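The block underneath contains the structure these notes are about, expressed in structure tokens.
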Amino acid sequence: MSVMSYRDQFAAFSSNGGGAGPAWLPALRQRAFDRFSALGFPTTRDEDFHYTSVAAIAETTFKPVRGTEPTTDLTALAPYLVDAGFNRLVFVNGRFARELSSFAALPVEVSITTLTDAIANDAGFVQEHLASLADIDGNAFAALNTAFVTDGVVVRLPADCVVDTPLHIMWVADSAASGASIFPRVLIAAGRHSKMAVIESFVGLGGSGYLTNAVTEVRLDDGAYIEHYKVQREATDAYHVATVQAMQAKDTVFHQFSYATGARLSRSNIYTKLGAPGGEGRLNGLYMLAGDQHCDHQTYVHHADEHTASRELYKGILDDSSRGVFNGKVLVDPIAQKTDGKQTNHALLLSDTAKIDSKPQLEIFADDVRCTHGATVGRLDDTLLFYLKSRGIGKETARALLTYAFACEALDTIEVDALRESLEALAFEQFNVATVS
Amino acid sequence: MTLLSVTDLHATVADTEILKGISLTVNPGEVHAIMGPNGSGKSTFAQILAGHPAYEVTGGDIVYKGESILEDEPEVRAQKGIFLAFQYPVEIPGVTNAYFLRSAYNEIRKANGQEEIDPMDFLDIMAEKLKIVDMDPAMVNRAVNSGFSGGAKKRNEILQMAVLEPTLAILDETDSGLDIDALRIVAEGVNKLKRADRSTIVVTHYQRLLNYIVPDFVHVLADGRIVKSGGKDLALELEAKGYDWLLEGASA
């Protein structure tokens, strides 16, 4: 039914700008749309969506964003900037907002452009990389994103290029996005021994009931070190689906952190393939939920060669009737001897009606590997509480401090100081602890 | 006036009786050492004085400054001046020592009708107290015990004690796991905090610590009871003869 409504939208989109560009692009869109049509939206009968129903998304007809001028300005963005000195690309309702963006601290050899510009000026590169990693054949949301993709970011890091200042890509949904769908798209190609941190923020600034459906593809050449931080602070009645897919060459580090506090329903797929020896995937995250929010993370680490490593630490804090899902998949190919994998998921339930489904999923086809996983679900530890109380700190403050400390253990893995500090401050605020000094 | 009076204290954990009638009187300014073999109940006793919720007091009373504190929550006991230095201090990631201690300090002040102190003035107090335990001032901005070595955690306990200035300090095996240098620093810290109106209960397995913190009284705990009390010489005797001779006497 809703797949039908997308058919009309896709027809309109194709005849109205969406069909433009080099010939391969409409062909890619068409292929992606055909796959989406064939797949349909996943249901809870699909193993990958067993704990998460996306019926609310499937049954809603999200419209294209209306072509009004964005109302967002820098003042409204200020609380979400992390650090005003970061290189910044701002998109409002999926469209690039040049006047809100800033590239002051970017080395000249780095190429950061909008997807629109890259298609116009660097078409060969985009053709080679767009949808080369994300699975548009099997992932209906990634297919839908690819069919409707309008703008986004293309980052090309040349070999040996080390960028000290992080890039902050902000996806803002303001009131013009209400009831609409937005399709953010990011391509990162990191050359040999390059290094950079990229933050993607998803921010609700007045929009309601919209759908963000994002895809980020990251290709790391030998020795590259890429940090990717996803900061999901959508409106609390919004829907958010995102796929991050990395492909790692030899001796690479891909460090992904997923922070999630927004959206009524969110699903984040964080996937990486360790395709050559020496690669390390670090997938960490923190989700803090309240009300009736539902937040699902699926991580997937594919150890496809020997001597690869993965580290995962996810923490969740769930209040009220919120529900969290963590599904950590690890696949170790027969060739991937000496794989070293560790996965941990800890959830803290602050109310009797909050719920977490934690499902590690290890498929190991090599015999000389070390793979561990651990999960805990629970309430605040009595010994910890006693420690704080024995220092004169009252129960409520003690609980707040310990909840904050629980969050900090995950946030500690963030390598960008300003980001870690700002997320710590948010967590601090959330748990009503007095202002830190 | 007596500071602490424990009478015929019985306590259980998960229906197992751990303390089987302990009586102890501590006057202002006194240092009491509680020794005993593993499993004698000495750590349990220390934790019960501070109000650990895992234990249930099934008989007897704990009277502190003339009032029973059995019904008091741990934070209320702390606000009244009782401090427990933990055998295994916990880690609190993300919360700095400075913030944590100022929160504790101000809650105790508030409960005693005193004004809260602002962060700048508190840093001055911290700077002063750091010297007592010979700690690096940078520790003030580190998360509480997070990634600290065993020795640094114990030293941090004494720093907290120095800041909170308890009337009754209880040290629960503070010496365990410490090398001799760390032990000396910790003991000197405790000694510097001694005053005529403050008392200390030192729970320890070894006599070694008592070379540095000299007790006025030594009590030997075995199977949930005090089986022998004496002066500081008793500790030396225990060091030489072990606990067995007392245990035989207790069961005879």
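The values are calculated or read from the model by the stated rules, or taken from the named source; none is laboratory data. These figures come from a predicted structure and were not determined experimentally. A quick note on method: Cβ atoms are made from the backbone with ideal geometry, for glycine too, and the neighbour counts reach across all protein chains shown.
When the criteria are applied in full, A:SER422 fails the requirement of being farther than 23 Å from A:GLN343 by Cβ, at the interface with another protein chain (Cβ under 8 Å from one of its Cβ atoms) and of a type in the set (Gly, Ala, Ser). Considering the conditions (1) in a strand (DSSP E or B); (2) within 25 Å of A:ALA427 (Cβ to Cβ), A:ALA235 is excluded by exactly one of them, (1).
Scan the range B:149-161 for residues that are out of contact with any Pro (no Cβ under 8 Å at 6 or more places or on another chain) and either surrounded by fewer than 21 Cβ atoms within 10 Å (Cβ to Cβ) or within 13 Å of chain A (Cβ to nearest Cβ) (or both) and the total you get is 7. Considering each residue of the range B:233-250 in turn, none proves to be at pLDDT 90 or above and assigned to a strand (DSSP E or B).
Quick check on this structure: which one of A:ILE364, A:ILE356, A:ILE335 is more than 13 Å from chain B (Cβ to nearest Cβ), touching a strand residue (DSSP E or B) at 6+ places or on another chain (Cβ under 7 Å) and over 26 Å from A:GLU200 (Cα atoms)? It would help to see each step written out before you state the result.
Details: A:ILE356 fails: over 26 Å from A:GLU200 (Cα atoms); A:ILE335 fails: touching a strand residue (DSSP E or B) at 6+ places or on another chain (Cβ under 7 Å).
Going through A:ILE364, A:ILE356, A:ILE335 in turn, just one is more than 13 Å from chain B (Cβ to nearest Cβ), touching a strand residue (DSSP E or B) at 6+ places or on another chain (Cβ under 7 Å) and over 26 Å from A:GLU200 (Cα atoms): A:ILE364.
Under the condition of being of a type in the set (Gly, Ala, Ser), at the interface with chain A (Cβ under 9 Å from one of its Cβ atoms) and farther than 23 Å from A:THR403 by Cα, the residues counted in the range B:91-141 number 1.
Can you tell me which residue within the range A:341-391, out of those that are of a type in the set (Lys, Arg) and without any contact (Cβ under 8 Å) to a residue 24 or more places away in the chain, is nearest to B:ALA54 (Cα to Cα)?
Narrowing the range A:341-391 to residues of a type in the set (Lys, Arg): A:342, A:355, A:359, A:370, A:379, A:389, A:391.
Retained after the next criterion (residues that are without any contact (Cβ under 8 Å) to a residue 24 or more places away in the chain): A:389, A:391.
Numbers: A:LYS389: 14, A:ARG391: 17 Å.
Checking each candidate, the answer is A:LYS389.
Taken over the range A:326-353, residues that are closer than 25 Å to A:LEU411 by Cα and surrounded by fewer than 22 Cβ atoms within 10 Å (Cβ to Cβ) amount to 8.
For (1) at negative phi; (2) assigned to a strand (DSSP E or B); (3) among the hydroxyl-bearing types (Ser, Thr, Tyr); (4) in contact (Cβ under 8 Å) with a residue 40 or more places away in the chain, each residue gets a yes or a no:
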{"site": "A:VAL215", "(1), (2), (3), (4)": "yes, yes, no, yes"}
{"site": "A:ASP222", "(1), (2), (3), (4)": "yes, no, no, yes"}
{"site": "A:HIS240", "(1), (2), (3), (4)": "yes, yes, no, no"}
{"site": "A:ALA246", "(1), (2), (3), (4)": "yes, yes, no, yes"}
{"site": "A:GLN256", "(1), (2), (3), (4)": "yes, yes, no, no"}
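I'd like to check something: does the range B:162-171 contain any residue that is part of a helix (DSSP H, G or I), within 16 Å of the chain's Cα centre (by Cα) and within 12 Å of another protein chain (Cβ to nearest Cβ)? Yes: one or more hits. Of all residues in the range B:70-90, those satisfying the criterion of being more than 10 Å from chain A (Cβ to nearest Cβ) and either assigned to a strand (DSSP E or B) or in contact with an Asp or Glu (Cβ under 9 Å, 6 or more places away or on another chain) (or both) are B:LEU70, B:GLN87.
Can you tell which of B:ALA182, B:ALA138, B:ALA196, B:ALA187 is without any contact (Cβ under 8 Å) to a residue 24 or more places away in the chain and either more than 14 Å from the chain's Cα centre (by Cα) or more than 19 Å from B:ARG102 (Cβ to Cβ) (or both)? Before the answer, list the steps.
Working: B:ALA182 fails: without any contact (Cβ under 8 Å) to a residue 24 or more places away in the chain; B:ALA196 fails: without any contact (Cβ under 8 Å) to a residue 24 or more places away in the chain; B:ALA187 fails: without any contact (Cβ under 8 Å) to a residue 24 or more places away in the chain.
Among B:ALA182, B:ALA138, B:ALA196, B:ALA187, only B:ALA138 is without any contact (Cβ under 8 Å) to a residue 24 or more places away in the chain and either more than 14 Å from the chain's Cα centre (by Cα) or more than 19 Å from B:ARG102 (Cβ to Cβ) (or both).
Counting the residues of the range A:156-206 that are crowded, with 19+ Cβ neighbours inside 10 Å and among the charged types (D, E, K, R) gives 4.
Given the criterion assigned to a helix (DSSP H, G or I), touching a residue at least 24 places away in the same chain (Cβ under 8 Å) and out of contact with any His (no Cβ under 6 Å at 6 or more places or on another chain), identify the matching residue among B:SER103, B:SER43.
Selected residue: B:SER43, the only one of B:SER103, B:SER43 that is assigned to a helix (DSSP H, G or I), touching a residue at least 24 places away in the same chain (Cβ under 8 Å) and out of contact with any His (no Cβ under 6 Å at 6 or more places or on another chain).
Within the range A:93-103, track down each residue that is surrounded by 14 or more Cβ atoms within 10 Å (Cβ to Cβ) and without any contact (Cβ under 8 Å) to a residue 24 or more places away in the chain. Give the derivation first.
Of all residues in the range A:93-103, those surrounded by 14 or more Cβ atoms within 10 Å (Cβ to Cβ) come to A:93-97, A:100-102.
Those that are surrounded by 14 or more Cβ atoms within 10 Å (Cβ to Cβ) and without any contact (Cβ under 8 Å) to a residue 24 or more places away in the chain: A:SER101, A:SER102.
Filtered by the rule that a residue be more than 21 Å from A:PHE49 (Cα to Cα) and of a type in the set (Val, Ile, Thr), the range A:237-254 gives A:THR252, A:VAL253. The number of residues in the range A:374-419 being of a type in the set (D, E, K, R) and within 10 Å of chain B (Cβ to nearest Cβ) comes to 7.
Would you say A:ASP367 is closer than 27 Å to A:HIS307 by Cα and either in contact with a helix residue (DSSP H, G or I) (Cβ under 7 Å, 6 or more places away or on another chain) or outside any strand (DSSP E or B) (or both)? Considered against the rule, which asks whether it is closer than 27 Å to A:HIS307 by Cα and either in contact with a helix residue (DSSP H, G or I) (Cβ under 7 Å, 6 or more places away or on another chain) or outside any strand (DSSP E or B) (or both), A:ASP367 comes out as yes.
The residue list B:ILE22, B:ILE34 contains one member that is within 18 Å of B:TYR243 (Cβ to Cβ), in contact with a Gly (Cβ under 9 Å, 6 or more places away or on another chain) and not in a helix (DSSP H, G or I), which is B:ILE22. Of everything in the range A:295-322 that is charged (D, E, K, R) and not in a strand (DSSP E or B), the residue that is surrounded by the fewest Cβ atoms within 10 Å (Cβ to Cβ) is A:ASP320.
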